[in-house]
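Q: Starting off with a structure, shown below.
The values are calculated or read from the model by the stated rules, or taken from the named source; none is laboratory data. In this text the structure is predicted, and so the values were computed from the model without any measurement. All Cβ positions, glycine included, derive from the backbone under ideal geometry; neighbour counts span all protein chains shown. SASA here: full protein model, heavy atoms, side chains in, ligands and nucleic acids out. Shrake-Rupley method; radii C 1.70, N 1.55, O 1.52, S 1.80 Å.
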Amino acid sequence: MSAISKSTRPRHDLSPRDWLGRAFAVVVTVFFVLFFVVPMVWLLIASGKSPYDLITTGPFTPGTLGDLAANWNALVHFQDGIILRWLGNSAYYSLSALVITLVTTIPAGYALALGDFRGRKVLLTTTLVVMLIPNTALVLPVFLELSAVSLIGTPLAAILPFSFYPFGVYLTYIYFSTSVPRDLLDAARIDGCGEVAVFRRIAMPLALPVIALVGFFSFVANWNNFFLPFLTVPGPAAPIQVGLTEMLSNVPAFNPTSVGVTTIELPTLAVATLVSVTPVLLIFLFSQRFLVAGLTAGGTKE
């Protein structure tokens with residue numbers, strides 16, 4: 001008879017070490033729930049409260065649909081509906097950069113994984129090294145480059161830096177190295193396909209999971225990017241993340257000097273925050289199947 005596993009043993013048979021392990025797992029789980037889930041729950045509740053109720057009622061006391069509608073109206077009328085312009089800017093910058101990223105990243109990963117050319121290892125090593133450099137460390141040189149070519153304040157000041165995505169090159173490199181059979185590509189070449197046709201007709205259809213994965217990561221990174229667009233596209237051309245900072249500076253609770261000018265209340269800011277994360281959440285929900293396939297495709301070599 002096989003020994004009873006630890007997971008099926010009665011609780012009174014568990015050793016002190018097992019109890020300690022379970023207690024540690026519970027503590028870690030509770031910590032992450034408190035640290036991540038509770039603020040999101042509060043944010044959802046706060047968006048449906050009036051400024052007075054937000055202060056006088058409990059933090060998790062439900063709000064009302066009427067207050068939620070009032071907060072939404074206050075948001076869309078803030079500075080003549082600039083929130084909609086910020087959202088449009090974010091969508092334009094993120095999607096434009098996404099197209100450039102996919103057009104450059106997928107062929108680059110394919111070439112590094114399956115190509116044989118001089119300088120291949122140097123390019124791969126450079127890609128890995130650049131991945132290790134924090135994005136904030138690149139803000140100053142990128143800003144100086146954009147300033148030198150007079151692009152500051154234009155859409156290209158956000159789109160071009162967003163399109164630089166070495167992590168996507170590495171993901172596609174791993175995928176093509178482990179999940180695309182070389183024999184299949186060789187068979188296509190024997191049948192008369194050139195390299196471009198092999199890539200377009202054979203490799204690309206097989207790479208749909210990693211394309212979705214790179215696209216999602218790139219879009220999320222672009223949408224949530226703050227520091228670089230804060231410097232390169234200020235004012236009305238700013239994306240939503242920079243716009244939230246401007247809205248925060250108009251909240252009297254955080255900036256008393258804003259009293260007397262166009263102000264915004266905390267519940268309205270909570271609605272704006274929810275609006276800013278909704279596109280990413282929707283994309284994740286609709287592309288979840290492809291994301292899981294892309295994350296697991298390179299796990300084993302065929």
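Q: Percent relative contact order of the chain, based on C-alpha pairs within less than 8 angstrom and at least six residues apart? Could you put the intermediate results ahead of the total?
A: Working: 293 pairs, mean separation 78.4, N = 302.
Computed over the chain, the figure is 26 percent.
Q: Lys/Arg Cβ at +1, Asp/Glu Cβ at -1, dipole of the chain taken about the Cα centre: which of Q241, F219, S179 is farthest positive-ward?
A: Going by the Cα projections, it comes out as S179.
Q: If I stretch the segment between D116 and L140 completely, what's the gain in nm (0.36 nm per residue apart, minus their alpha carbon distance), one decimal? All intermediate terms of the calculation are to be shown ahead of the outcome.
A: Working: separation 24, 0.36 × 24 = 8.64 nm, distance 3.54 nm.
Residue separation times 0.36 nm, minus the Cα-Cα distance, leaves 5.1 nm.
Q: So how much accessible area does E265 have, in Å² to the nearest 10, using a 1.4 Å probe?
A: 80 Å²
Q: In debye, nearest 20, what is the charge dipole magnitude of the chain about its Cα centre with +1 on Lys and Arg Cβ and -1 on Asp and Glu Cβ, if you could check?
A: Numbers: 16 positive and 14 negative charges, 180 e Å.
The dipole magnitude comes to about 860 debye.
Q: Using a 10 Å cut-off on Cβ atoms, rank the peptides 73-80, 236-243, 225-232 from the highest mean neighbour count down. Kindly include the intermediate steps, with their values, before the conclusion.
A: On the way: 73-80: 15.5, 236-243: 21.9, 225-232: 18.8.
Descending mean neighbour count gives 236-243, 225-232, 73-80.
Q: Here are a few candidate values for mean projected area of the Cα convex hull in nm²: (1) 25.4; (2) 24.4; (3) 22.1. Which one was actually calculated from the structure I just gave you?
A: (1)
Q: Another one. Quick one: Karplus J couplings for the range 100-107, per residue in order, coefficients 6.51, -1.76, 1.60, θ = phi - 60°, nearest Hz, x for Gly and Pro?
A: Working through the residues one at a time gives 5, 4, 5, 5, 9, 6, 5, x Hz.
Q: Turning to a different aspect of this structure: Roughly how many Å is it from the Cα centre of the range 210-244 to that of the range 45-111, as a whole number?
A: Between the Cα centres of the range 210-244 and the range 45-111 lies a distance of 13 Å.
Q: Let me ask another. Could you check how much of the accessible area of the chain is carbon and sulfur, as a whole percent, using a 1.4 Å probe? Intermediate values should be presented prior to the final figure.
A: Working: 12540 of 17800 Å².
After summing per-atom areas, the C and S share lands at 70 percent.
Q: Let me ask another. Let's test the formula: R0 of 41 Å, r as the Cβ-Cβ distance of I133 and L281. What FRET efficiency results, to the nearest 0.05?
A: It comes to 0.90.
Q: Continuing with the same structure: Among V26, A74, N89, whose Cα lies farthest out toward the positive end of the dipole of the range 5-131, if unit charges sit on the beta carbon of Lys, Arg (+1) and Asp, Glu (-1)?
A: Towards the positive end, the residue furthest out is V26.
Q: Okay, next question. Can you list the HN-Hα couplings for the range 169-177, worked out from phi with the Karplus curve (6.51, -1.76, 1.60; θ = phi - 60°), rounded to whole Hz and with x for Gly and Pro?
A: Running phi through 6.51 cos²θ - 1.76 cosθ + 1.60 with θ = phi - 60° gives 4, 5, 4, 5, 4, 4, 5, 5, 6 Hz.
Q: Excluding ligands, DNA and RNA, what is the solvent-accessible area per residue of the chain at a probe of 1.4 Å, expressed in Å²? Before the final figure, lay out each step's value.
A: Values: 17800 Å² over 302 residues.
With the other protein chains kept in place, the chain gives 59 Å² per residue.
Q: Please list the non-local residues whose amide H lies under 5 Å from the amide H of G115, H modeled 1.01 Å from N, same-chain partners needing a gap of 5 or more.
A: Under 5 Å from the amide H of G115 lies no amide H from a residue far enough along the sequence or on another chain.
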